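Okay, so here's the structure we're looking at.
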Amino acid sequence: MDLLVEAHIEKAKELIATNTCDNMFNMIYPFSNENLAGCLKEFHLSNKDCLTVLGSSDQALDMSLFNAKSITAFDINPLTPYYFYLKKAALMANLSYQQYLEFFCYLDYPDYWKTNDNAFNKQTFDKLVPYLKDDNLKFWSSLFDTFTSLEIRKSNQLFSFDESSYQTLKQTINYLNETHYDELKEKASSLDINFLNFDIYRLEKELSQKYDFMYLSNIIQYTDKIIDHNFYTLTEEESQTKQLNHYRQMIENLGKNLNEDGKIMAGYIYAIKMSHHKKAIFNGPVRDKVFKDDSFSYIYFPAISTIDFMTKHRFNPDIEQDACLIYKKDKN
């Protein structure tokens, strides 16, 4: 067995067995916690070269649904591509829509406030095995040989517990609309990614290809963690301004790898009108000061938190909005 794959298997087994994780970035998101249906339709991805955070794989799968020409995915967590190929295997195995949801959903399934005892069930996994190849087969088979299905899936260290109800997922992830799911199944055999086990620092320094579109998810929310500077001598506003200015410079550097008219989804911002300043990106006055020129703009759509609340409680609260911060390189 390849030593790197063996190391990944041992890491996954450790996360499941000990149920401890010292770094949130080592967990796999079961599904995207962003309103991709509200966001991605704005970018006309057909025949485009795309770069995305891998995470749950849902961004990459939606890009495939929209006929992206190529998809490069990056993630600091080396376990995420195994999950992409598990989802691909489920599509290739021709799982029905309900079978797919039953296998991958754990929280709020089959109804609200419940957990799904059939998640990652072995009978369905056995149907996926013929479509898992090489390293991906070794990885998942080793986990299923060592642990029960629920021990794997309900681990809140291998998998994040940040999971919306399936009723919300159907509204916010394009391929999880039932009609679109069947469309994606037809493309399943050609689904693929070029994976870079990079954080955003290395991404900024080592990208060589040019892209039409880059999707950076909510990385902007963690500028206090990804930017290696000591801000303790600064006021909160000074620190947040410095963090966002540094992040802006990283985006502009990534912009050198954009094709003409290319765009970067520089940051997914939850409930953008909420006034809470613990994270720099949520401090509206600071954010507006840093991203104030014509290189940056916003698109707005219903907040995933509002959609999730409405599906669970069955009444309409005041509609909040999520937003995406968009960068377009100045042609001058």
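The values are calculated or read from the model by the stated rules, or taken from the named source; none is laboratory data. Note that the coordinates shown come from a computational prediction; the quantities given were computed from them, not determined experimentally. Every residue, glycine as well, gets a Cβ built from its backbone with ideal geometry; the counts of neighbours run over all protein chains shown. For accessibility, only protein heavy atoms count, side chains too; no ligands or nucleic acids. Shrake-Rupley method; radii C 1.70, N 1.55, O 1.52, S 1.80 Å.
Go over the candidates Asp261, Asp322, Asp330 one by one and state the one that is loosely packed, with under 14 Cβ neighbours inside 10 Å and under 19 Å from Glu42 (Cβ atoms).
Working: Asp322 fails: loosely packed, with under 14 Cβ neighbours inside 10 Å; Asp330 fails: under 19 Å from Glu42 (Cβ atoms).
Result: Asp261 is the single residue among Asp261, Asp322, Asp330 that is loosely packed, with under 14 Cβ neighbours inside 10 Å and under 19 Å from Glu42 (Cβ atoms).
Within region 269-303, restricting attention to residues that are assigned to a helix (DSSP H, G or I) and among the small types (Gly, Ala, Ser), which residue is surrounded by the fewest Cβ atoms within 10 Å (Cβ to Cβ)? Outline the logic, then answer.
Just the residues of region 269-303 that are assigned to a helix (DSSP H, G or I), to begin with: 280-282, 284-290.
Narrowing further to those that are among the small types (Gly, Ala, Ser): 280, 284.
Working: Ala280: 27, Gly284: 15.
My answer is Gly284.
If I filter region 86-128 down to residues being in contact with a helix residue (DSSP H, G or I) (Cβ under 7 Å, 6 or more places away or on another chain), open to solvent by 20 Å² or more (accessible area, probe 1.4 Å) and among the charged types (D, E, K, R), which single residue comes out as farthest from Asp192 (Cα to Cα)?
Checking each candidate, the answer is Asp117.
Out of region 90-112, which residues are part of a loop (DSSP other than H, G, I, E, B), of a type outside the set (Asp, Glu) and either under 23 Å from Pro130 (Cβ atoms) or in contact (Cβ under 8 Å) with a residue 60 or more places away in the chain (or both)?
Looking only at region 90-112, we keep the residues that are part of a loop (DSSP other than H, G, I, E, B), and these are 93-96, 105-106, 108-112.
Checking which are of a type outside the set (Asp, Glu) leaves us with 93-96, 105-106, 109-110, 112.
Residues satisfying the conditions are Ala93, Asn94, Leu95, Ser96, Cys105, Tyr106, Tyr112.
Give the residue, chosen from Phe25, Phe84, Phe104, Phe120, that is under 25 Å from Asp308 (Cβ atoms) and modelled with pLDDT under 95. Working first, answer last.
On the way: Phe84 fails: modelled with pLDDT under 95; Phe104 fails: modelled with pLDDT under 95; Phe120 fails: modelled with pLDDT under 95.
Just one listed residue meets the conditions, Phe25.
Being outside any loop (DSSP other than H, G, I, E, B) and hydrophobic (A, V, I, L, M, F, W, C) is the filter here, so list the residues in region 113-146 that pass it.
Taking region 113-146 first, the residues outside any loop (DSSP other than H, G, I, E, B) are 115, 122-131, 134-146.
Listed by number, the residues that qualify are Phe125, Leu128, Val129, Leu137, Phe139, Trp140, Leu143, Phe144.
Of the residues in region 312-330, how many are in contact with a Pro (Cβ under 9 Å, 6 or more places away or on another chain) and touching a residue at least 60 places away in the same chain (Cβ under 8 Å)? Working first, answer last.
First, pick out the residues of region 312-330 that are in contact with a Pro (Cβ under 9 Å, 6 or more places away or on another chain): 319-322.
So of that shortlist, the ones also touching a residue at least 60 places away in the same chain (Cβ under 8 Å) come out as 322.
Matching residues across region 312-330 total 1.
Inspect all residues belonging to region 45-63 and state whether any of them is open to solvent by 10 Å² or more (accessible area, probe 1.4 Å), over 21 Å from Asn218 (Cβ atoms) and touching a strand residue (DSSP E or B) at 6+ places or on another chain (Cβ under 7 Å).
Yes.
Scanning region 136-152 for residues that are among the aliphatic types (A, V, I, L, M) and under 23 Å from Leu3 (Cα atoms), which turns out surrounded by the fewest Cβ atoms within 10 Å (Cβ to Cβ)?
Step one: of region 136-152, the residues among the aliphatic types (A, V, I, L, M) are 137, 143, 150, 152.
Cutting the leftovers down to under 23 Å from Leu3 (Cα atoms) gives us 137, 143, 152.
On the way: Leu137: 17, Leu143: 21, Ile152: 21.
Only one residue tops the list, namely Leu137.
Using the structure shown, decide if Ser155 is in contact with a Ser or Thr (Cβ under 7 Å, 6 or more places away or on another chain), surrounded by 16 or more Cβ atoms within 10 Å (Cβ to Cβ) and of a type in the set (Gly, Ala, Ser).
It is false that Ser155 is in contact with a Ser or Thr (Cβ under 7 Å, 6 or more places away or on another chain), surrounded by 16 or more Cβ atoms within 10 Å (Cβ to Cβ) and of a type in the set (Gly, Ala, Ser).
Output the residue which, of all residues in region 74-83 that are hydrophobic (A, V, I, L, M, F, W, C) and in contact with a strand residue (DSSP E or B) (Cβ under 7 Å, 6 or more places away or on another chain), is surrounded by the most Cβ atoms within 10 Å (Cβ to Cβ). Lay out the reasoning, then the answer.
Going residue by residue through region 74-83, those that are hydrophobic (A, V, I, L, M, F, W, C) are 74, 76, 79.
Applying the additional criterion that residues be in contact with a strand residue (DSSP E or B) (Cβ under 7 Å, 6 or more places away or on another chain) yields 74, 79.
Values: Phe74: 24, Leu79: 20.
Of everything passing the filter in region 74-83, Phe74 is surrounded by the most Cβ atoms within 10 Å (Cβ to Cβ).
Going through Phe213, Phe159 one at a time, which residue ends up being within 22 Å of Leu36 (Cα to Cα), modelled with pLDDT under 95 and in contact with a Lys or Arg (Cβ under 7 Å, 6 or more places away or on another chain)? Reasoning before the result, please.
Working: Phe213 fails: modelled with pLDDT under 95.
After applying the criteria, what remains is Phe159.
State the number of residues belonging to region 41-71 that are part of a helix (DSSP H, G or I) and touching a Phe, Trp or Tyr at 6+ places or on another chain (Cβ under 7 Å). Write out each step before concluding.
Here is the first cut: in region 41-71, the residues part of a helix (DSSP H, G or I) are 41-43, 58-65.
Those still in the list that are touching a Phe, Trp or Tyr at 6+ places or on another chain (Cβ under 7 Å) too: 43, 58-62, 65.
Residues in region 41-71 being part of a helix (DSSP H, G or I) and touching a Phe, Trp or Tyr at 6+ places or on another chain (Cβ under 7 Å): 7 in total.
For every residue, the table says whether it meets (1) in contact with a Phe, Trp or Tyr (Cβ under 9 Å, 6 or more places away or on another chain); (2) under 16 Å from Ala60 (Cα atoms).
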residue: Thr179; (1), (2): no, no
residue: Ser190; (1), (2): no, yes
residue: Lys210; (1), (2): no, no
residue: Phe213; (1), (2): yes, yes
residue: Asn218; (1), (2): yes, yes
residue: Gln221; (1), (2): yes, no
